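The values are calculated or read from the model by the stated rules, or taken from the named source; none is laboratory data. Everything numeric in this text was worked out from a predicted model, so none of it was measured. Here the Cβ positions follow ideal geometry from the backbone for every residue, glycine too, while neighbour counts run over all protein chains shown.
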Amino acid sequence: MIHIYLPIAEVSVNLFLLLAIGGGVGFLSGLFGVGGGFLLTPLLIFIGIPPAIAVGSEANQLAAASLSGVIAHWRGGRVDLRMGIMLLVGGLIGSTLGVSLFAWLMASGQIDLVIKLLYVVLLGLIGLMMMVESIRANLKSRRNEPSPEVPADTNTWRQQLPWQMHFPTSEVTISAFLPIGLGILVGILAAVMGIGGGFIMVPAMIYVLGMPTAIVVGTSLFQILFVASNVTLQQAIRVQTVDVVLALLLMLGSVIGVQIGARAGAKLRGEELRFLLAFIVLIVCGWMIFNLTSRPDFLFTLVTTGGH
Amino acid sequence: MRLFSLNPLIIPLLIGVLIPLPASAAAVSAQPDQVKAGLFFNGETVTVSGQRDPGQPLLLLVIGPQRTQQIAPLGKHNGIWVEEDAHTLAQAPGFLAIAGSQPLPELMPLFNDALTAAGLTSILDYLRLPPETNHAPTPNWYHAYTSLLERQSLFLPGVALQDNPDSGTFSTTIRLPSNAPPGRYQVVALTGASDQPLIVTTHLNLIKSGITSRLEGAALHQPVVYGISALLFALLVGWVIGVLLNRR
């Protein structure tokens, strides 16, 4: 049993457990095409990593994972650079605001509760939506009905907003405020929760921005790359919560897991994949609800008031 | 023959005559006195040993780095367990181990004043003494704090003491877990009679070493360089993986 002492988290963690967690989350990333941060943060907290360190270090790991993914999608011509830059502008504003919010919440001692509540709300909503959508899609495919395409330009409210811009790669014309606003929202969540926001970004790009699914994942990863980079820098400089040893071990595990997951995913149908992901998301959500509502073993807690 | 049968009593007396000792003497040491938390650190066992006058009571304390901590009770509001108003604990020890020749309530009346005189008044609150002796507040924040430490193996209230009252030697082993806070630990031995208590102290240091020390130093003292390096390293790993796995 090799234990590794994490210099910033100041705890010793079993090397193989950390690689397995990275590998397991990487497997799910490869299987479902999401960053996996929504699973990684609770798992790291569960094994004794302080929440603030988990969030900061995970952003560092996400920067590596997202760059690796962007390269693959870029080579396949599946990145809308113009849309990505708009999302990025919002993402940088959002992640900077998010780190300030994170520092304020840490100072007020409510960071753990806020992170847990955000997880419950987001995981619950997205898990339920995906579950319903995947069941409908599955029923339709059994009846051999075609899946309805998302109408790109018939959504009148999108055309009525100011600052209309054309995005040739995605073949849509929408207000630039939409991707910027979406970027701000995801940037805040990335900073506070240590997630890339893929599981919010991907459905929002399809249903709100009207982008083709083929372009969405690569463009989402492009934006996540910059947001995760900004969060890493901000967390390291302002609250000293980035543990590079932890991030490196997670990266090593996830690289292997992603490859296995991608191969497993190729053998499953889209509806089955979405149903499985929704199932996992809802299990994590249920576990967090149980933690928040069930009587704790001990009715006192130490308050987190600062970074490292 | 009679002389030999009285040996256990006579020999210390003879030694006392032949080798004059101070009226009251004690010594304590920790081995190792420097614990290094390197990359593969997973806790360390420290042996604390020493000697005091034979037959004297003994209280041994290992006190971790002290700092201000905030502790909050959990209350249920709208169905969710949340932190309520926090209480600040000044000079809260990050680690505390207690060993004694007798139960703590019997030892404390002897050594209460000695601890105060040694500037260790703050530690009295964390020793879990009966409420009538330390006028514990309600809720007892100190008890709650040590209970939280105990859950992380950072509070060891009843460490077994290998005590030889005849010779006055004692020793004990203390396990510093991997989550023990780095810093300077005080090892305090209290002995002697209540009217003439004797307090001896030594230190042990838990320090980060090698790569862990350098990384922590960079993170704390050069956060911009550390942050940029961490990011560049992650991007390098991501780029290498991305290129290697997507070769045509």
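The figures follow:
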{"item": "Residues of region B:32-64 that turn out to be of a type outside the set (Asp, Glu) and either at the interface with chain A (Cβ under 7 Å from one of its Cβ atoms) or over 25 Å from B:Pro197 (Cα atoms) (or both), as a count", "result": "13"}
{"item": "Verdict on A:Gly257 being within 14 Å of chain B (Cβ to nearest Cβ) and buried (at least 21 other Cβ atoms within 10 Å of the Cβ)", "result": "yes"}
{"item": "Residue, nearest to the chain's Cα centre (by Cα), within region A:97-110, restricted to residues that are away from chain B (no Cβ under 14 Å) and either hydrophobic (A, V, I, L, M, F, W, C) or buried (at least 17 other Cβ atoms within 10 Å of the Cβ) (or both)", "result": "A:Gly98"}
{"item": "Members of region B:197-248 found to be charged (D, E, K, R) and more than 7 Å from chain A (Cβ to nearest Cβ), listed by number", "result": "B:Arg214, B:Arg247, B:Arg248"}
{"item": "Yes/no for A:Ala214 being within 11 Å of chain B (Cβ to nearest Cβ) and of a type in the set (A, V, I, L, M, F, W, C)", "result": "no"}
{"item": "Top-ranked residue of region A:53-83 - restricted to ones that are assigned to a helix (DSSP H, G or I) and more than 13 Å from chain B (Cβ to nearest Cβ), ranked as modelled with the lowest pLDDT", "result": "A:Val55"}
{"item": "Options B:Gln34, B:Gln102, B:Gln51: the member that is surrounded by fewer than 17 Cβ atoms within 10 Å (Cβ to Cβ) and more than 30 Å from A:Leu15 (Cα to Cα)", "result": "B:Gln102"}
{"item": "Scan of region A:133-171 for residues that are modelled with pLDDT under 70, acidic (Asp, Glu) and under 28 Å from A:Met86 (Cα atoms), ordered by number", "result": "A:Glu149, A:Asp153"}
{"item": "Residues satisfying the stated conditions in region B:68-97, i.e. without any contact (Cβ under 8 Å) to a residue 12 or more places away in the chain and more than 9 Å from every other protein chain (Cβ to nearest Cβ)", "result": "B:His77, B:Asn78"}
{"item": "Residue in region B:74-97 that is touching a helix residue (DSSP H, G or I) at 6+ places or on another chain (Cβ under 8 Å), modelled with pLDDT of 95 or more and over 30 Å from A:Leu292 (Cα atoms) present", "result": "yes"}
{"item": "Evaluation of B:Leu161 against (1) within 14 Å of another protein chain (Cβ to nearest Cβ); (2) modelled with pLDDT of 90 or more; (3) farther than 20 Å from B:Pro181 by Cα (one fails), failing number", "result": "(1)"}
{"item": "Residue pairs meeting the criteria (Cβ under 6 Å; at least 6 apart or on separate chains; first on the phi > 0 side of the Ramachandran plot, in region B:116-130; second part of a loop (DSSP other than H, G, I, E, B) and surrounded by fewer than 18 Cβ atoms within 10 Å (Cβ to Cβ))", "result": "none"}
